[in-house]
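The values are calculated or read from the model by the stated rules, or taken from the named source; none is laboratory data. From a predicted model like this one, the values you see are computed outputs, not experimental measurements. Counting neighbours? That spans all protein chains shown, and the Cβs are built from the backbone with ideal geometry, glycine included. Calculation scope for accessible area: heavy atoms of the full protein, side chains included, ligands and nucleic acids excluded. Shrake-Rupley method; radii C 1.70, N 1.55, O 1.52, S 1.80 Å.
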Amino acid sequence: MTWRLLTLVFLPFVALPAQQQVRGMPAAPDVAVRFWIPAGRIEVQGWDRDSVDVRSRAAPGTRLDGGGDRRGVKFALQSQVDTILPSAQLQVRVPRRAKLWIKSTTATVEVTGVHGELEVLQVSGGTTILNGRGVATVESIDGAISVAGMDGTLRIRGGSALANVRGISGTVDISMISGGVSLVAGPDPGDDVSGRIETVTGPVEFRGATGGGRLDISTHEGAVTLSLLPGFLPLLEVEAPAPAFEPSVRAGNRQAGRISVRTFKGRVNAGLATGI
Amino acid sequence: MNACIRLDSMLESYLAGQASEAESEWLENHAGECERCAAIVAPATDLALPLSRVMAPPVTVRAAVLARIDAGRRRRWFVPAAIAAGLALTFMLVRPEPKQGEVPQRRNLSAAIAADRAAHDLGVLDAALAELGRALADSPGNQGITEALGRLESQRRFLESLVLEFES
């Protein structure tokens, strides 16, 4: 009954057209930009201009407040009621080397071409990073995380969703709980990847080559699958219950890197990849 | 004489108690002045005066009863309203704690969603911590298990701190 009443109360807000807002302001190349967008969608694009451009379409009953100076700007969605999450569609452009911070509850976050620092805090919305560089950190309770193209340091901490990383070069630090991790790294020069991946029950899949880097993988009971490129086989170190390790490849060389796997009771499988 | 004829025509309704107050007053006054009509009215009223008039309560009693009836009518809306207010107050004071898996009713909606979404993985972590705790008890000093326990505890702290992040 309560929800029916709430629906009747808020239906007119939903039916009304959204309010569009355009804001532009001068900014330093490494400007700090912060967004608090509980629901909806935010797309951020790094560009080669010395300004921040924000185009928003906020849901009725919601407004985007914010402002700042050349060193830092901050925006937050505010709602007139606390029974719904403030929602908006945002298209943002920031200087490429900006320090970007986004906090969201259920909103979809997509960041493209930001080469400074990126930090995303999420509950359950999806996060996508495209062509990133520098340092990117994503913390999400159960929102899916997808990274395609990252050069630098990537930190992901999550719960039950999948972390899907492609085209990484640099350092990874990925920690999930029941969510899985899929990491694909290429054999091209400069595509070396190092770091650690850990899960509790989530499966871990690594495909490709570390390019000479060292990767430490640990799980409690999550299965580990390694699909390694012939000709780029790294050294393998596996600590797992004996029946749980079924390697079809063992040999490798130090120049191709090293992969260490430790699991309490997860299965480990290492084989050759046909491609990436 | 015309008055006597008029009384005759009114007598039946008077005895039935259907005459108006003015008609009754006129009839009784006329019977008090006219021997003929008094002889008709007196025996008839002794036998046929309406019961309602014979047993009519004193004015003070009637007024008191009507006043209480009116008060009762006023209480008809007051009693349910008082019960509803009492129930609402009771619900506010002794509202039950949400069960596991339910979205807790917090003032901050984002915090409620975060706590709800984290509940499953906190359970996963607790189960794994308990399992490793038993394994360490069977193999005291096992470095691998000790390190794994440290990692799980770190993950639990992270998840709790991320939920708290949405409280603010």
Under 11 Å from a label point 7 Å along Cα→Cβ of A:W47: give me every residue in segment A:91-114 with its amide N that close. A:92-96
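Order A:K99, A:K74 by their accessible area, 1.4 angstrom probe, all chains in place, largest first.
Numbers: A:K99 90, A:K74 125 Å².
Per-residue accessible area, sorted high to low, gives A:K74, A:K99.
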Accessible area, probe 1.4 Å, largest first, for residues A:D48, A:D151: A:D48, A:D151
Quick one: order B:S20, B:S9, A:S182 from most to least accessible surface, probe 1.4 Å. B:S9, B:S20, A:S182
Work out the P(r) tail for segment B:114-153: percent of alpha carbon pairs separated by more than 16 Å, whole number. 37 percent
Percent antiparallel among DSSP beta bridges (both partners in segment A:31-190, rounded to 5): 15 percent
I'd like the accessible area for A:R254, computed on protein heavy atoms only with a 1.4 Å probe and all protein chains in place. Round to 10 Å², please. 150 Å²
Give the percent of DSSP beta bridges with both residues in chain A that are antiparallel, rounded to the nearest 5. 15 percent
With 29 Å as the cut-off, how large is the P(r) tail for chain A, expressed as percent of Cα-Cα pairs? 41 percent
Using the basic label-point model (7 angstrom from Cα toward the beta carbon), what is the B:D138 to B:A42 distance in nanometres? 12.0 nm
Shielding score for A:28-40, defined as the mean number of other chain Cβ atoms within 10 Å: 1
To the nearest 10 Å², what's A:W36's accessible area with a 1.4 Å probe? 70 Å²
Evaluate the Debye formula for segment A:153-276 with equal point scatterers sitting on the alpha carbons, no solvent, and hand back log10 of I(q)/I(0) at q = 0.11, 0.12, 0.16 Å⁻¹, in q order, two decimals. -0.30, -0.36, -0.66
Shielding of B:147-155 by partners, i.e. mean partner chain Cβ atoms within 10 Å per residue? 4
For segment A:69-191, treating each Cα as an identical point scatterer without solvent, what Debye log10 I(q)/I(0) comes out at q = 0.11, 0.17, 0.21 1/Å? -0.38, -0.86, -1.20
Please state, as a whole number in µm²/s, the translational diffusion coefficient that the Stokes-Einstein equation yields for segment A:139-199 at 20 °C and 1.002 mPa s, with Rh defined as the Kirkwood radius across alpha carbon pairs. 188 µm²/s
Run the simple label-point estimate for A:D82 and B:S168 please: 7 Å along Cα→C-beta, distance reported in nm. 1.8 nm
What does the convex hull of the Cα atoms come to per residue for segment A:37-130, in Å³? 81 Å³
What does the net charge come to around A:T62 if you take all other residues with beta carbon closer than 14 Å to its beta carbon, with K and R at +1 and D and E at -1? +1
How crowded by other chains is A:175-188, given as the mean number of beta carbons from other chains within 10 Å of each beta carbon? 2
For A:D216, what accessible area in Å² do you get when you roll a 1.4 Å probe over the heavy atoms of the protein chains, rounding to the nearest 10? 60 Å²
